[in-house]
1. Could you tell me what percent of the DSSP beta bridges with both partners in the chain are antiparallel, to the nearest 5?
2. Enter the Cα centre distance for the pair the stretch 111-152 and the stretch 20-60, rounded to the nearest angstrom.
3. Divide by every residue of the chain the summed helix terms, -39500 (n - 2.57) for each DSSP H run of at least 4, and state the resulting mean residue ellipticity at 222 nm, rounded to the nearest 500 deg cm²/dmol.
4. Starting from 0.36 nm per residue, how many nanometres of slack lie between residue 42 and residue 166 once their C-alpha separation is accounted for?
5. Treat every Asp and Glu Cβ in the chain as -1 and every Lys and Arg Cβ as +1, leave all other atoms uncharged, and give the resulting dipole magnitude about the Cα centre to the nearest 20 debye.
6. Which of 64, 79, 218 sits farthest toward the positive end of the charge dipole of the chain, with +1 on the Cβ of Lys and Arg and -1 on the Cβ of Asp and Glu?
7. Please sort by residue number the trypsin sites (Lys or Arg not before Pro) in the stretch 82-126 whose DSSP state is loop and whose Cβ has at most 15 other Cβ atoms within 10 Å.
8. Cα-based Rg (one decimal) and Dmax (whole number) for the chain, in Å?
Amino acid sequence: MSADLTPPDILRCAYLDLVVTDLARAREFYVDVLGLVVTEEDDEAIYLRTLEEFIHHNLVLRKGPVAAAAAFAYRVRTPEDVDRAEEWFAARGCRTERRADGFAKGIGDSVRVTDPLGFPYEFFHEVAHVERLAWRYDLYTPGALVRLDHFNQVTPDVPKGREYLEDLGFRVTEDIQDADGTTYAAWLRRKDTVHDTALTGGDGPRLHHIAFATHEKHNILSICDKLGALRMSDVIERGPGRHGVSNAFYLYIRDPDGHRVEIYTQDYYTGDPDNPVVTWDVHDNQRRDWWGNPVVPSWYTEASPVLDLDGNPQPLKVRTDSSEMAVTVGADGFSYTRKGDEEKGFKLGTSL
């Protein structure tokens, strides 16, 4: 049984393998607009990295017929941890596939698995090093993306996912619950930040978003200004704002295929062994946005498909627990449900 096996020592989320339907349009969005650095590219794929990264890539844009996530990839501490990952998931009855030369350029011996939630996970250690551009300030733009921060996954069973990821060595930093004990979302980490991945309750498995970090919130505002100048402000789905969960400043945008990208900065350190878990009431209006701005319905309902190991979209399982949107968004699509709140006529939605 997997309980008797040592799980792999996961260092951090490392890259997302993302299928896009129009590689040229995706390149314009991620390179020309967001400023990610091209490590390599050909007619089938583009390998991108952030400015402070030294491994080959943080994002693969791969041309395909269906826009979807092909792999959520994590780096592990040693080559032996790739073996441990393969054994650990196989013992749980999960499908695994191993490639000594990797699934992507610049990545060595790797294993991909279909995890207990139906997500395609990858684990690797061997990787090609590239130039870290942290000191190349001549290349920095006002909205420079400096690190890959996290993934966010949509799953119908957040408690199941939380338990399995904790068995895998992740630690919970924050969650959202109600008075009846229903869990709507959980944030889990390996590196010493709020999360490497989050579980959002909903029909799944689906990719909710990938998040890249900036140094400061003014970098995010600069991205907004750039999008406005390019007449692309309609790609902004939500924000800018500050989360209650994670305390981070954020912006959500959508790429040409509808994949959601978060730009994220200024969360907090979580590395102590007794770091306390922060639990938010689902009816606390500040959990998702610290200033109390409403969450747009698309943020709750729309997400990207994920692929199985053969490259086919995974079928969705319906969430049977209460949805966060259903219990917190009023009939007008924007109001709140926290006890004691009073209706305010100037809130977004009352004039639409």
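Bear in mind these aren't lab numbers, they're just calculated from the coordinates by the rules spelled out. Keep in mind that what you see is a predicted model, and the values were worked out from it rather than measured. Note: ideal-geometry Cβ built from the backbone for every residue, glycine included; neighbour counts use all protein chains shown.
1. Just about 70 percent of them are antiparallel.
2. 11 Å
3. The per-residue figure over the chain is -4000 deg cm²/dmol.
4. Fully extending the segment from residue 42 to residue 166 adds 40.8 nm.
5. Result for the chain is approximately 580 debye, rounded to the nearest 20.
6. Projecting each Cα onto the dipole axis, the largest value belongs to 218.
7. Counting only loop positions with at most 15 other Cβ atoms within 10 Å, the trypsin sites (Lys or Arg not before Pro) in the stretch 82-126 are 95.
8. In Å, with Rg to one decimal and Dmax whole: 19.7, 61.
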